[in-house]
Structure formats: C-alpha cells, structure tokens
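Worksheet: one structure, shown below.
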Amino acid sequence: MRAMNFRLKLLLAMMLVVAGATGTALYVSQQRVQATYQKLFAQLSHAKIESFTSLQETRLGALKDKSRELAQSVRLQAALHESDENDATNLYLVAKDELRELSDNTIYVFFDSQGRLLVPTQNDSRFNRFGGQGQFRKQFSFVGESLTNNLPQQVGMVGAMADGRWQLQQIIVTKVIDPVTQETLGALLLAFPVPDLVSGRNGSPSQTNSTTGIKFGIWLDGRIYSTEPIPEPHISDLERSISENLKQTEFLIWPDEPHRVFLQEITSGSGLPAAYQVCLYSLADFIADQHKLKIRILIFGALTLLGAFLISLVLTHGLSVPLRELVAGTNEIHRGNFAVKVRVRSRDDIGKLASSFNEMAEGLALKEKYRTVLNLVADEKVAKQLIDNQAALGGELREVSAIFCDVRGFTALTQNMPPEEVIEMLNEHMAVLARVVKQNNGVVDKFVGDALMAIFGAPISHGNDALDAAKCALSLVIEREKLNQTSKHKLRIGVGLATGKMVAGCMGSTDRLNYTVLGERVNLAARLCSSAKAGQVIIDQTTRERLGETISVAPLPELHLKGFSENVVAYELRSAENIRINTPQ
Amino acid sequence: MRDKFVKLLTAVICALPLFTHAQATIDGNVTLLPTRAESSGESRYPGAPTITTAPAQLPAVVFLEGQFPAAATPPPTARMVQTNAQFVPGILPIRTGTTVEFPNDDDFYHNVFSYSKLKSFDLGRYKKDEKPPAILFDKPGVVRLNCEIHQQMRGIIVVLDTPYFTTTSTNGTFHLENLPAGKYVLKAWLDEKHVCEQPVELHDGDKLHIDFPAK
C-alpha cells in the first residue's frame with residue numbers, strides 16, 4: 001500500500017477536524033434546541049395548568065364556601081333530618097331558598113345519611129344532564145361510602161353523557177353534619193359543567209389540522225375533555241396513551257406527527273375517579289426549527305470545510321515545496337553530491353530545517369574531502385580502518401607478504417632529467433603499480449623514491465595473501481612492460497617478495513601516524529628486490545612453501561644478502577596460476 | 001250557680017275512680033344515650049350573642065301506651081321556653097291536643113321553627129315581652145324544634161296518645177303513678193331510633209320497677 005503523502009494527510013486531517021467540529025456543533029445545537037423547547041413546553045404546560053387550576057379554584061372557591069355554609073344551615077339540617085327517600089320536597093324548598101343565587105347550570109342534590117339519593121320530584125329535570133335519575137344513582141353510588149370517611153368536603157369531576165354529548169361536570173360533595181351531635185345527616189352535592197371543555201370526540205372530522213398548536217384538557221375515566229375538539233383517530237390514540245402512561249408526567253405520542261403530552265393529576269376525593277390535567281404540544285415547530293438549524297449548520301460546515309480545504313492547499317503548498325527540495329537534496333547527498341544546497345524560503349521550522357540541511361551537506365562535503373585526501377595519502381583500506389578507528393596506535397603480529405618493487409637504473413635515468421619530468425614519470429609509473437596492487441587485494445604501504453612497498457594480509461587478510469602477492473608481483477612486471485610500449489619512458493623493474501610474521505599497525509605519534517609493517521621479512525623482501533634483475537621476481541623460501549604447486553619457480557643460487565648472516569634460499573617466480581612472465585634476459 | 005254545680009258534679013264523677021281504686025305506680029331507670037360532642041355554640045349571625053352553654057343531657061320520655069278514653073277537656077297549655085339560648089325543657093312530652101306556648105325568656109331574638117312532618121311551622125322572631133306564639137299539636141308524633149339563630153338549640157316535643165307519661169331525671173330515673181289497672185305497653189322514648197318497650201299488666205296497688213337498658 002502506497003503511503004499517503006503529507007499534503008493528503010493534512011487535507012484529510014483538516015477535513016476530519018472540520019467535520020468533527022460541525023458534527024459536534026450539530027449535536028450540541030440539537031440538544032440545546034431540544035432542551036430549550038422541552039423547558040419552554042414544560043413552562044407553558046405548567047403555566048396552562050396553573051392558570052386552569054387557579055381559574056378552577058376561583059370558580060370553585062365560592063361554591064365550596066357556599067356548600068359549607070349551606071351544610072351548616074340550621075334550616076337545611078332540620079329539613080334534611082326530616083327528609084327521606086319518599087319525601088324530600090321540603091328539603092329542596094329550603095335549599096332552593098338558600099341557593100337561589102346559584103347559576104342556572106349548577107344543580108344541587110341531597111343524599112341522606114345512608115347515601116341514598118333524595119329526589120325532589122320523580123321527574124325532576126336536574127338529572128337529565130347525567131342521563132337520567134337511574135344513571136345518576138349509578139354514577140354517584142360512591143357518595144354513600146364517602147360519608148363514612150373523615151373528609152368534610154370532596155371536590156372532583158365526573159363525565160356525564162346527555163343528549164348524545166359527553167360533558168365534564170365539576171362536583172362538590174359536602175357532608176352535612178349536625179353540629180350538636182356530630183351525626184352525619186347526609187350530603188349536599190353541587191354539580192356544574194366545566195366551561196370550555198368538551199369531549200374531543202365530538203370534533204368535526206374535517207378538522208384535520210387541529211392537532212397542531214397547544215391544547216389543554218382533562219383526562220377522566222379514559223376520556224379526554226379538551227378546549228378544542230381533537231378528531232379521530234388522534235383522540236383515541238391520545239386517550240389510550242394517557243391510560244397507559246398515567247404514572248408519567250410527560251411522554252411523546254404520534255411518531256408521525258409528534259406531540260409532547262404533559263400530565264398532572266388533580267387531587268380528587270375518595271371514590272371519585274382520578275382526573276388528570278393534560279397539556280398537548282405539537283412538536284412540529286420544534287422539528288421545523290431543528291431542521292432549519294441542521295441545514296444552517298451543515299451549510300456553515302460545508303463552507304468551513306471548503307475554506308479549510310483551500311487554506312490547507314495554500315499551507316501544504318508552502319510546506320511541500322521546501323520539503324520536496326529537501327527530499328531532492330537528500331537524494332543528491334545519497335548519490336554523493338555533497339555540494340547540494342536547498343533554498344531557505346522562510347524563518348519558520350521548515351526554514352530552519354533547510355538551513356540545518358545545508359549545514360549538514362557542508363559538513364559532509366568537508367568530511368568527504370578529508371576522506372579523499374586520506375585515501376590519497378594512505379591506502380584506501382588503511383584509510384577506512386583509520387576512519388573506522390580500528391587501526392589503533394600500536395601493532396599486531398600477523399603473517400604478511402611484502403613486496404618491494406623498484407626501477408632498475410633509476411638514478412642514471414633521472415640524472416639529467418628535469419624534476420617535473422621525473423615527477424611525471426614516477427606518477428605515471430606509480431599509478432599503474434598502485435592500481436595493480438589494489439587489483440590484487442594489496443595495500444600500497446609507501447612510495448620511497450622509485451620504489452613501491454606493498455603488503456598483503458594487513459590490515460585485513462583476503463584468504464590466500466601469499467598467492468595474491470605472487471600474482472601482484474608478476475602483474476607488476478607485466479603491466480610495466482605493457483606501459484613501456486606506450487610511455488616515452490621505458491622502465492624496467494625488479495620485484496622482491498617475502499612472507500612471514502611481521503608487526504603491522506600504526507606507528508608514529510598521536511599527531512602523525514603511518515600504517516606499516518615491520519620485521520625481518522620486510523627487510524628480506526627489500527633485499528630480494530635489490531637482488532632482482534630487470535623483469536625478475538624473487539621470492540623467499542616461506543612464500544615458496546605457502547604457495548606450493550600453485551606457482552612455478554626456478555631455484556636461484558643461495559643469496560648472501562646484506563643484513564642477513566646466513567645465505568638466503570630464494571626462487572625466481574615464473575608464474576602463479578594463469579599469470580606468467582618470461583624469464584628475464 | 002247551677003252551672004258551677006254541674007261542673008263540680010262532673011269533676012267528682014270523673015275523679016271517682018281515682019278515689020275508689022288504689023292506683024298502680026311504676027318506678028324504674030332508663031339508661032340514657034351518651035352525650036355527643038357539643039358544638040361551639042356560635043351564632044349563625046354576626047353580632048348575635050355567643051352562647052357557650054352546652055345543652056343538658058336529654059332525658060327520656062317514659063309513657064304507658066294503651067287504649068285510653070279521650071280527654072274530656074283539652075289538656076292544659078304546655079310551655080317550651082327559650083331561655084339562655086336553650087329550649088327548656090329540652091324534651092317535652094304532651095298529650096295529643098295540647099297547645100304549647102313558646103315564650104322567649106332571653107333578652108335576644110329567637111326564631112323557632114320545625115320541619116317535622118307532624119307539624120311544620122315557623123314562629124318567626126319575637127322578643128321577650130311579646131305574647132308568645134302557641135301551636136296546637138293534634139296528632140301524636142315527634143316534633144323537633146330548632147332556632148334559626150342559634151344552631152345549638154334543639155328541642156323535642158313528643159306528642160302522645162296517652163295521659164300517662166313522664167320524663168326521666170338526667171340520670172334516667174322515672175316515676176309513674178296513678179296508673180290504671182290493665183294491660184299496657186310501657187315505652188321509653190330516647191329518640192326516633194331508640195325506643196324501648198315492655199308489656200306490663202297493672203293491678204290496683206301494684207308498684208312495679210322496670211329498667212330500660214338502651215338498645
């Protein structure tokens with residue numbers, strides 16, 4: 001998988017941040033709107049309920065007082081005491097006089113001490129609104145039980161069906177108690193229709209839009225009485241939902257046309273059916289507002305995203321150009337071009353990085369220069385070991401093959417030669433010899449005048465160092481001969497090769513060091529070189545033994561060499577593996 | 001003068017059995033109903049005197065029920081006095097045909113009325129010095145009296161078809177005397193719901209003792 005580039009990552013990050021911020025703003029705003037509406041709904045609902053309660057209290061207050069006053073009336077108590085189910089005419093006459101200021105739609109009815117209905121006349125019209133006397137008796141059978149409790153007065157509501165229409169009736173049941181004997185003589189019931197509340201089921205089906213807005217009503221005995229009619233099937237759903245959620249103070253209804261319903265129980269007297277004040281709020285406005293807000297936030301988010309995209313493009317452009325230059329510069333460094341420079345475009349972090357890069361390149365260039373110089377003044381392998389700090393001051397005893405190679409008749413040749421030509425000639429000569437040494441895994445130890453000293457097996461061994469040395473010695477002769485064919489200077493060289501234990505290492509002071517080998521075998525190689533004729537390679541006994549059948553040699557008479565007390569056994573090397581030289585003349 | 005003689009002779013003839021026979025007496029005790037909690041006695045009307053006197057324990061009416069000849073003369077007028085914002089006596093047994101006066105002995109108004117089926121009337125307001133209204137009770141039964149002004153005022157008139165009745169003392173004891181021999185039912189009326197009765201057969205000179213535990 002291809003890695004995403006920096007610009008794409010930054011763009012994605014910006015977009016993610018903007019999208020996240022937009023989403024968060026959307027979520028928070030939706031929550032806020034919801035909470036605000038919920039609070040508003042709750043406040044409106046409570047205000048509505050409070051208003052209704054207050055209005056009811058005002059309406060009821062006077063009637064409750066009047067009921068209590070009437071219940072304490074001596075005349076009424078006397079009349080009630082004397083009345084029975086068969087004759088209560090006088091009671092109603094007395095009550096009519098006492099309650100003459102009651103409005104026409106308020107009816108009053110008496111019950112005796114056993115809770116039996118006392119009827120003024122058999123066909124009294126006051127029971128019509130409850131569907132007749134029979135229905136009234138049935139509906140108010142609880143009055144008898146309520147006479148046994150300690151409540152002097154009970155207030156509540158009942159639903160009454162009359163003339164095919166349901167209406168909510170507010171009722172006040174007041175016990176009539178003899179103040180002397182504390183005996184319950186009976187009860188007075190006042191009932192009047194709750195104004196402005198009708199059974200919603202009577203609403204016209206054509207009012208399809210009537211579920212919007214705020215509605216108030218009373219839920220009683222599975223039926224809703226509301227300020228405005230609510231058409232079917234909403235009314236049935238609402239009545240059923242309220243019946244199922246009576247223990248909750250609020251809930252939602254109608255997912256397709258959401259409304260919030262607030263409930264508050266109205267304290268009723270014992271035996272009276274529980275009534276609840278109902279506030280119904282349409283969430284249509286809330287949902288519309290929420291939708292508008294969502295659209296606005298999404299548009300704002302999209303614009304922000306676009307802006308962020310453009311800003312990201314500009315920013316990433318400003319970043320990616322210097323970065324690309326830095327990458328290109330790094331590639332140049334990788335290729336060994338330490339002279340590369342990148343443009344410092346700013347003073348910010350990227351600018352500092354570019355400056356640091358340039359400083360690094362300068363440092364690397366300087367080091368490379370040092371390394372090149374080192375390679376020139378020391379063998380490459382030695383230089384590497386020195387750089388790697390592996391060639392410590394001091395030395396180690398190891399088996400090394402040493403070659404000495406010098407020009408025959410050099411002094412006579414250069415006697416009348418200008419120094420520049422001598423240098424030129426030597427440089428040409430030594431360049432070829434040094435290349436041959438390198439090709440054969442050898443290390444040029446030093447150039448001493450026309451002589452070259454090379455070692456094999458130090459500072460590192462390449463396996464068969466003696467063979468490398470032998471092949472190198474032969475190649476030196478061959479390559480010089482080849483050079484003689486093109487060069488204006490015809491030089492003949494002699495080569496001495498000796499193998500044995502030598503001390504190898506950096507020798508000198510901490511300020512100046514030379515990597516070289518020391519030992520008797522080094523001297524031997526130098527002496528053998530001196531003894532060699534032009535085009536001859538002389539090796540010592542040890543080298544001969546090391547190489548065995550891989551070389552062909554010709555025995556030489558034992559040599560008496562300066563610095564050696566005994567005669568030295570030496571051989572003329574003719575060939576090594578496939579390298580062969582002619583026998584010098 | 002002749003008329004006076006005739007009247008005197010008639011009275012002597014009527015009283016003759018009383019003197020010619022030793023009449024029976026009945027003593028006894030009625031367990032009265034427990035006294036209920038009392039009201040505050042507040043007046044219904046602001047400014048009217050507040051009466052704090054609680055009504056006394058209502059005694060029971062004990063009477064001999066049987067067939068008795070109608071009274072030859074109307075019984076004497078009885079009185080149900082309103083004094084100290086109470087009816088005195090609280091319970092008044094009378095014989096059928098008795099007229100009862102309702103004098104106001106207080107220095108403030110009373111308004112006596114009754115919604116009893118036996119006799120429904122409203123005497124209105126009248127002062128102490130006014131001539132008291134009088135009502136004739138010509139049928140047996142119970143008449144409860146109230147005062148519209150003073151809620152705590154309760155009075156009961158028990159109209160009986162017998163001349164032999166009395167009210168118990170506040171601790172329930174009673175004494176009936178001059179009772180004719182015969183079979184009767186002795187009743188103790190505490191209220192409409194509490195009436196005790198016991199058949200009795202009286203002989204001349206009997207002295208019976210009958211107690212009525214409250215039902």
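The set of residues from segment A:50-97 being more than 14 Å from chain B (Cβ to nearest Cβ) and surrounded by 19 or more Cβ atoms within 10 Å (Cβ to Cβ) comprises A:Phe52, A:Leu63, A:Lys66, A:Ser67. Residue check: A:Arg527 meets all listed conditions (1) under 20 Å from A:Gln439 (Cα atoms); (2) in a helix (DSSP H, G or I) but one, namely (1).
Just one of the listed residues (A:Ser67, A:Ser45, A:Ser83, A:Ser54) is within 30 Å of A:Ser282 (Cα to Cα), in contact with a strand residue (DSSP E or B) (Cβ under 8 Å, 6 or more places away or on another chain) and polar (S, T, N, Q), and it is A:Ser45.
Within segment B:79-97, if we keep just the residues that are assigned to a strand (DSSP E or B) and surrounded by fewer than 18 Cβ atoms within 10 Å (Cβ to Cβ), the residue that is modelled with the lowest pLDDT turns out to be B:Val88.
Is it true that A:Leu151 is more than 14 Å from every other protein chain (Cβ to nearest Cβ), in contact (Cβ under 8 Å) with a residue 40 or more places away in the chain and surrounded by fewer than 20 Cβ atoms within 10 Å (Cβ to Cβ)? Yes: the conditions hold for A:Leu151. B:Asp107 falls short on exactly one of the conditions (1) assigned to a loop (DSSP other than H, G, I, E, B); (2) touching a helix residue (DSSP H, G or I) at 6+ places or on another chain (Cβ under 7 Å); (3) not basic (Lys, Arg), and that condition is (2). Can you find a residue in segment B:132-139 that is within 12 Å of another protein chain (Cβ to nearest Cβ), in contact (Cβ under 8 Å) with a residue 24 or more places away in the chain and under 13 Å from the mean Cα position of the chain (by Cα)? No - not one qualifying residue is present in segment B:132-139.
As a summary of the residue check, B:Phe121 satisfies the conditions (1) within 13 Å of chain A (Cβ to nearest Cβ); (2) crowded, with 21+ Cβ neighbours inside 10 Å; (3) assigned to a strand (DSSP E or B) except for the one numbered (2). For A:Val198, are the conditions met, namely being aliphatic (A, V, I, L, M) and either modelled with pLDDT of 80 or more or in contact with a helix residue (DSSP H, G or I) (Cβ under 9 Å, 6 or more places away or on another chain) (or both)? No: the conditions fail for A:Val198. Scanning segment A:187-194 for residues that are touching a Lys or Arg at 6+ places or on another chain (Cβ under 6 Å) and buried (at least 22 other Cβ atoms within 10 Å of the Cβ) turns up at least one hit.
Might you let me know whether segment A:458-474 holds any residue that is under 60 Å from the mean Cα position of the chain (by Cα), crowded, with 23+ Cβ neighbours inside 10 Å and modelled with pLDDT under 95? The answer is yes, given that some residue of segment A:458-474 is under 60 Å from the mean Cα position of the chain (by Cα), crowded, with 23+ Cβ neighbours inside 10 Å and modelled with pLDDT under 95.
Residues considered: B:Val100, B:Val143. Of these, the only one that is surrounded by 21 or more Cβ atoms within 10 Å (Cβ to Cβ), of a type outside the set (Ser, Thr, Tyr) and away from chain A (no Cβ under 14 Å) is B:Val100.
Among the residues of segment B:146-174, the one identified as part of a loop (DSSP other than H, G, I, E, B), within 14 Å of chain A (Cβ to nearest Cβ) and among the β-branched types (Val, Ile, Thr) is B:Ile149. In this structure, A:Arg544 does not satisfy being within 30 Å of A:Lys490 (Cα to Cα) and surrounded by fewer than 21 Cβ atoms within 10 Å (Cβ to Cβ).
Each residue in segment A:437-463 was checked for being farther than 15 Å from A:Ala526 by Cβ and free of Cβ contacts under 8 Å to residues at least 24 places away in the same chain, and 2 of them qualify.
The values are calculated or read from the model by the stated rules, or taken from the named source; none is laboratory data. The shown structure was predicted, so the numbers you read here are calculated from the model rather than taken from an experiment. Backbone-built Cβ (ideal geometry, glycine too); neighbour counts: all protein chains shown.
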